[in-house]
1. Tell me, in nm to one decimal, what length is gained between Arg132 and Asp257 on full extension, where the rule is 0.36 nm per residue of separation less the Cα-Cα distance?
2. Can you grab the distance from the C-alpha centre of segment 209-236 to the C-alpha centre of segment 73-113, Å, no decimals?
3. How high is the relative contact order of segment 142-205? Use alpha-carbon pairs under 8 Å, at least six apart in sequence, and give a whole percent.
4. Going 7 Å from the Cα of Thr223 in the Cα-to-Cβ direction, what parts of segment 174-207 have a backbone nitrogen less than 20 Å from that spot?
5. When the Karplus curve 6.51 cos²θ - 1.76 cosθ + 1.60 is applied with θ = phi - 60°, which whole-Hz ³J(HN,Hα) does each residue of segment 227-242 get, with x for Gly and Pro?
6. Can you classify segment 124-250 as rounded, prolate or oblate using the Cα gyration tensor, where a ≥ b ≥ c are the square roots of its eigenvalues, rounded means a/c under 1.5, and otherwise it's prolate if a/b beats b/c and oblate if not?
7. Can you give the extra length, in nm with one decimal, that the chain gains between Ser374 and Ser288 once fully stretched, where that is 0.36 nm per residue apart less the Cα-Cα distance?
8. Holding the Cα-Cα limit at 22 Å, pick out from Lys70/Lys142; Lys67/Lys89; Lys105/Lys156 the pairs that are longer than that.
Amino acid sequence: MQPYLLLLGVLIALLVGLAAGKAWERYKLVEGRWIDRRRGRQAPHFILGLNYLVANQVDEAIEELEKALKIDPGALEVKLVLGNLYREKGQVGRAIQEHQVLLQKPRLNRIEHANVLLCLGLDYRRGGFIDRAAAAFAEVLKLDPEHEAALVNLEKLQEEQHQWQEAYVTRQRLASLVGAPDQPRSQAILAFLEHELGLQALKQGQLDEAVLRFNSAIEQGRTVVPAYLHLGDVHMLRHDPNAAIKVWETMIGVAPDRAYLAFDRLERAYVTVGGGDRFAALCRRLISETPREWRARAALAAHLTSRGQTEPAIELLFEALEHNPHALAIHQALWNTLSTLDLPRTLVARYISITRQSVFYLDPHVCTRCRYRSTELLWQCPHCHEWNTFIEERITPASDIEAEMPTTMSLAAGSENGTS
Ligand SMILES: [Zn+2]
């Protein structure tokens with residue numbers, strides 16, 4: 001009997017131990033109270049908070065997550081998210097405080113440590129503490145050299161500081177990390193950064209360096225338009241207009257929708273090489289290739305007006321106006337030409353009837369990523385910091401829009417026009 005009793009005793013002790021271990025795993029003592037670790041995340045507050053977050057109701061999300069945190073004060077993810085929400089609400093000091101407290105936590109694993117540091121870096125960036133933000137991101141990368149979010153944020157920080165070389169190195173690291181589908185994007189970003197380095201060299205008068213950079217930018221991203229423009233500028237500085245013309249014409253070949261950016265430059269360069277007719281020929285070719293093209297019409301009109309050919313010029317301006325009624329430059333050119341002709345009644349009447357049918361827009365350049373609007377063409381969006389995302393919103397007379405759009409879309413577009 002004795003050995004059986006002993007065995008039973010051992011078995012019971014084992015079971016009690018197991019149960020105690022399980023309980024210890026699930027419950028823990030916080031401020032004299034036993035807390036159910038599972039309850040924190042299973043509590044309705046946590047799920048409710050996430051739901052509010054998805055619905056973009058930040059205040060409600062904060063309220064629910066704070067309640068969830070009362071049930072389980074140690075929940076790292078909840079604290080992390082809460083801190084981020086404070087930051088998004090502009091309470092940067094509070095966000096920093098929350099995240100700093102998390103760093104003091106014992107037994108953070110490497111991934112948790114890196115994520116807390118990343119959030120802290122974002123807090124610093126939001127608060128304008130650039131150096132501290134950079135240090136935090138660098139720290140994350142020490143813990144995890146392949147931390148994509150840290151690299152992306154570090155790159156944006158370096159771009160904001162115009163540290164183009166550093167940003168270039170960071171982007172190279174990112175490019176080596178991301179898989180094939182994202183390679184073209186990285187390549188294009190590297191090209192834009194290379195162009196910025198070229199501009200920096202140009203400003204410092206280092207023309208050789210600038211040429212190298214611009215050429216390398218063009219090699220990496222064939223449609224990096226500003227690199228062509230500035231490469232041509234360097235050729236002009238070196239009194240080589242033929243080389244400049246070649247570069248700018250190549251640019252028009254690869255990005256015809258940006259051709260107008262080289263118009264002034266080309267018009268002057270053609271004159272220096274004694275090819276005065278080449279500019280008109282270029283504009284005519286662009287107009288025939290893209291019937292909606294209005295800038296080539298306006299440029300050709302100005303070119304003809306300066307040579308005293310006002311009648312064909314005014315016809316071109318009327319055509320340009322039909323395609324782009326919002327361009328103040330066309331209205332000014334038209335009035336200028338109309339006044340030199342002493343305001344002929346029939347032409348003025350035509351002007352009035354064309355503009356009456358038109359819809360007018362403000363800020364025609366739109367970021368395709370975040371819908372930020374701008375009056376001028378920008379290569380990097382000041383809002384979402386993405387490169388080369390601006391397109392020019394197509395402008396057509398109201399009658400065209402209504403005819404082309406399905407009814408639901410035209411309603412949406414109508415309300416958007418009303419607000420902008
Ligand atoms: Zn944007």
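1. Separation in residues times 0.36 nm, less the Cα-Cα distance, equals 40.8 nm.
2. Between the Cα centres of segment 209-236 and segment 73-113 lies a distance of 45 Å.
3. Result for segment 142-205 is 29 percent.
4. Output list for this probe position: 180-196.
5. 5, 5, 4, 6, 4, x, 4, 4, 4, 5, 4, 8, 6, 10, x, 5
6. It is prolate, given that a/c is not under 1.5 and a/b is the larger ratio.
7. Working: separation 86, 0.36 × 86 = 30.96 nm, distance 2.87 nm.
Answer, rounded to one decimal: 28.1 nm.
8. With Cα atoms farther than 22 Å apart: Lys70/Lys142; Lys105/Lys156.
No value in this document is a laboratory result; all are computed from the given coordinates. These numbers come from a predicted model, not from an experiment. With ideal geometry, Cβ positions are generated from the backbone for all residues, glycine too; neighbour counts draw on all protein chains shown.
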